[in-house]
Amino acid sequence: MKRFRDFDLTDYNSYKVKSYCRTAFFPECELDIVDLYKSNKDYIVLGSGNNVILSKSYYDSDFIIFNGNFNEVKVNKESNEIIAEAGAEIYDVSKLAKESELTGAEFYYDIPSSVGGAVVMNAGTKEGETKNILAKVRYLDLEDMLVKEKSKKEIEFEYRNSFFQKQVDKIILKAWFNLKKGNYNEISNLMSESKKRRWEKQPRNYPNAGSVFKRPPNRYVGPMIDELGLKGYRVGGAEVSKKHSGFIINRGDATGNDILNLINEVKHRVFEKYNVNLEIEQRII
Ligand SMILES: Cc1cc2nc3c(=O)[nH]c(=O)nc-3n(C[C@H](O)[C@H](O)[C@H](O)COP(=O)(O)OP(=O)(O)OC[C@H]3O[C@@H](n4cnc5c(N)ncnc54)[C@H](O)[C@@H]3O)c2cc1C
């Protein structure tokens, strides 16, 4: 297992905020993770860092980073299942599903996420959510240090929320996805169409972490922010995207606090005008 002191997290958060942590550990197998937690229970866990706001420039604590490691993805053709380790990218889950002519995971193709992060966040698009295809999860329970499994029903999935978001002492190790037999070309078209649609709308040429806010009932976040004239509004290096107001982008030198101050300003203005209390989807660390 690789470990680094005073580790620069810039490339491990999609906002590309410059921040350091005391130590970063990159586990390669289940045993590495169990071993790490035998001596310390206070790690900060990152998947691929696509939904986090790093609020500090230095963390006097240790990180476990799943990104790029512990990332095996396998298919079981008899049961139409994909089995993936927590650090695998869900892009790779969708790619293996396509190659195996399995349908259901097409919406994973363009969401930047680790498998662990996708379960925690119930990641999804209009075309589907993690809860639709997840069969079960294997995790380390820090309460008693046992490795356990939970079925989909027990994970209490909600819109961009799950049991694992509320219980941060459960570390996701592996997930099983239940798919259906499909047609290669149809799967492939769904994936590329969805990607094309999303890239036309989203500010992919600037660092960002996807939608900042959860969609409130009967409302759309983007149009409310547009009507307030906040498109392009900046705090330091953080800017409400001109392309999609539901996104905040880093213009180059944004700090976590720039992003948080901008979020607070948007929340405040939306509440004042619409009496809507926007909930942040991104995880503040
Ligand atoms: C351009 C862009 C587009 C996006 N589009 C979408 C979209 O369409 N739909 C959508 O849902 N999201 C979207 N997102 C947000 C993001 O992709 C998802 O929230 C994703 O699931 C986050 O996964 P991650 O691995 O990056 O998690 P991280 O950001 O690394 O972590 C998120 C949370 O999960 C926890 N966590 C991560 N791994 C584990 C683990 N193994 N065990 C326990 N806890 C863990 C972390 O501690 C943290 O609290 C987008 C982001 C970007 C940058």
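Structural remarks
- The stretch 156-183, residues that are over 21 Å from I280 (Cα atoms), surrounded by fewer than 18 Cβ atoms within 10 Å (Cβ to Cβ) and more than 10 Å from the ligand (Cβ to nearest atom): N178, K180, K181, N183
- Residue match in the stretch 214-229 (condition: part of a helix (DSSP H, G or I), among the aromatic types (F, W, Y) and surrounded by fewer than 15 Cβ atoms within 10 Å (Cβ to Cβ)): no
- One residue stands out in the stretch 4-27 among those that are within 20 Å of the chain's Cα centre (by Cα) and over 22 Å from Q282 (Cβ atoms): the one that is nearest to the ligand (Cβ to nearest atom), namely P27.
- Residue count for the stretch 108-140 satisfying the condition of being assigned to a loop (DSSP other than H, G, I, E, B), within 6 Å of the ligand (Cβ to nearest atom) and not aliphatic (A, V, I, L, M): 2.
- Residues in the stretch 36-60 that are in contact (Cβ under 8 Å) with a residue 12 or more places away in the chain, out of contact with any Ser or Thr (no Cβ under 8 Å at 6 or more places or on another chain), within 19 Å of L140 (Cα to Cα) and not in a loop (DSSP other than H, G, I, E, B): L36, Y37, K38, V45, L46.
- Scan of the stretch 24-35 for residues that are part of a helix (DSSP H, G or I) and not hydrophobic (A, V, I, L, M, F, W, C), ordered by number: E30, D32, D35
- Selection status of E186, within 16 Å of the ligand (Cβ to nearest atom) and charged (D, E, K, R): no
- Among (1) in a strand (DSSP E or B); (2) in contact with a Pro (Cβ under 9 Å, 6 or more places away or on another chain); (3) of a type in the set (G, A, S) - the single one A84 does not satisfy: (2)
- In the stretch 189-208, the qualifying residues are those that are part of a helix (DSSP H, G or I) and touching a strand residue (DSSP E or B) at 6+ places or on another chain (Cβ under 9 Å), and the one that is nearest to the ligand (Cβ to nearest atom) is R198.
- When the stretch 214-252 is filtered for residues that are modelled with pLDDT of 95 or more, farther than 18 Å from K267 by Cβ and out of contact with any helix residue (DSSP H, G or I) (no Cβ under 9 Å at 6 or more places or on another chain), the ones remaining, listed by number, are K242, R251.
- Close pairs (7 angstrom Cβ cut-off, 6 or more residues apart or separate chains): touching a residue at least 24 places away in the same chain (Cβ under 8 Å) and in the same structural domain as E129 (by TED's automatic domain parsing) in the stretch 142-163, among the acidic types (D, E) and within 12 Å of the ligand (Cβ to nearest atom) anywhere: L142/D169; E143/D169; R160/E281
- Within the stretch 62-89, being of a type in the set (G, A, S) and modelled with pLDDT under 95 holds for one residue alone: G68.
- Residue within the stretch 231-243 that is among the polar types (S, T, N, Q) and free of Cβ contacts under 8 Å to residues at least 40 places away in the same chain present: yes
The values are calculated or read from the model by the stated rules, or taken from the named source; none is laboratory data. Here the structure is a predicted model, which is why all the values come from computation and not from measurement. Here the Cβ is made from the backbone with ideal geometry for all residues, glycine too, and neighbour counts use every protein chain on show.
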